[in-house]
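*Asks:* Below are the structure tokens for one structure; questions will follow.
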Amino acid sequence: MILPRAFYARPTLEVARDLLGKVLVHETAAGRASGMIVETEAYIGEDDPACHAAPGPTPRNAPLYGPPGFAYVYFNYGMHYLVNAVTEPEGAPAAVLIRALAPLEGVASMRRRRVRGTGRRAADLDVHEICRGPGNLTRALGIGLGQNRADLTHGALVVEDRGTTPGRVAWGPRIGIRAGVDRPWRAWIAGHPAVSGPAAMRGV
DNA sequence: CGTTCGATGCACT
DNA sequence: GTGCATCGAACGT
């Protein structure tokens, strides 16, 4: 079952927690690619210095101010696309960053996309490495700016509930930010091997 | 295990 | 011009 818009129109920390165990699915010309979400981060409002809404509305962050249940995809560090799910009622700028997946469908295609253009060989990738990290998972699933503003409740990029209940959920500081490190708004499935970050940030 | 550092493009000041 | 919601290779311990 595809998650309905009401799922996203809630407090962002609840959505970040409840997305764990759900399945991100991207239908492409090469077929279906999907994975279970095992790590998320919440970015909440103009008062959150790490949120893209911190400077107020701009052309880039416009999706954050729009209705919930849509994708916010942006380009970072000159080479990576990051995908978020917009949350809260429309007008409240917030989103959940998807940081890692446990690969489910289309694993062979995901491996190929992951190593394309690099010197690495697909066979050298451990299954848990394929979608570990926000830049890695978008690459594996073929997600780019074409998916910005995609409706996550209908179409080629959706999030499904397949009845999987995650194990214990752990919380800690968000990764890769300068300001806002005091807010423990990163959630992950404790002990899951596909979770990103250094060992010290994968613990319980 | 840990830290450092280059690649790479764009939004924003 | 500055600073990224990153990654992986290279190197030190």
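Read the figures in this text as sums done on the coordinates, not as results from a lab. Computed from a predicted structure; not experimentally measured. A quick note on method: Cβ atoms are made from the backbone with ideal geometry, for glycine too, and the neighbour counts reach across all protein chains shown.
*Asks:* In the stretch A:81-168, which GluC sites (Glu not before Pro) are in a loop and have at most 13 other Cβ atoms within 10 Å, using DSSP for the loop call?
*Replies:* When the GluC sites (Glu not before Pro) of the stretch A:81-168 are filtered for loop state and at most 13 Cβ neighbours within 10 Å, A:Glu90 remain.
*Asks:* Considering the options A:Ala53, A:Gly146, A:Ala6, tell which one lies farthest towards the positive end of the dipole of chain A, charges being +1 on Lys and Arg and -1 on Asp and Glu at the Cβ, about the Cα centre.
*Replies:* It is A:Gly146, whose Cα lies furthest towards the positive end.
*Asks:* Next up: Can you show me the helix-derived [θ] at 222 nm for chain A, built from DSSP H runs with n ≥ 4 at -39,500 (n - 2.57) apiece and divided by the number of residues, rounded to the nearest 500.
*Replies:* For chain A, the value works out to -4000 deg cm²/dmol.
*Asks:* Please work out the FRET efficiency for the pair A:Thr164 and A:Thr58, using the Cβ-Cβ distance as r and a Förster radius of 41 Å; give the result to the nearest 0.05.
*Replies:* The computed FRET efficiency comes out at 0.65.
*Asks:* Find out how many positive minus negative residues lie around A:Arg132, taking Lys and Arg as positive, Asp and Glu as negative, among other residues whose Cβ is under 11 Å from that of A:Arg132.
*Replies:* Around A:Arg132, the surrounding residues sum to 0.
*Asks:* Still on this structure, please answer the following. Among residues other than A:Ala29 whose Cβ falls under 14 Å from its Cβ, what is the net charge (Lys/Arg +1, Asp/Glu -1)?
*Replies:* Result for the neighbourhood of A:Ala29: +2.
*Asks:* I would also like to ask the following. Are there chymotrypsin sites (Phe, Trp or Tyr not before Pro) in the stretch A:62-99 that DSSP puts in a loop and that have at most 14 other Cβ atoms within 10 Å, and which ones?
*Replies:* A:Tyr77
*Asks:* What distance in nm separates the simple spin-label points at A:Ala156 and A:His128, each placed 7 Å from Cα in the Cβ direction?
*Replies:* Roughly 3.2 nm, to one decimal.
*Asks:* Now for a different question. Using Cβ contacts closer than 10 Å as the measure, can you line up A:Val73, A:Val181 from fewest to most?
*Replies:* A:Val181, A:Val73
*Asks:* For the stretch A:18-80, how big is the tail of P(r) above 15 Å, as a whole percent of Cα pairs?
*Replies:* It works out to 67 percent of all Cα pairs.
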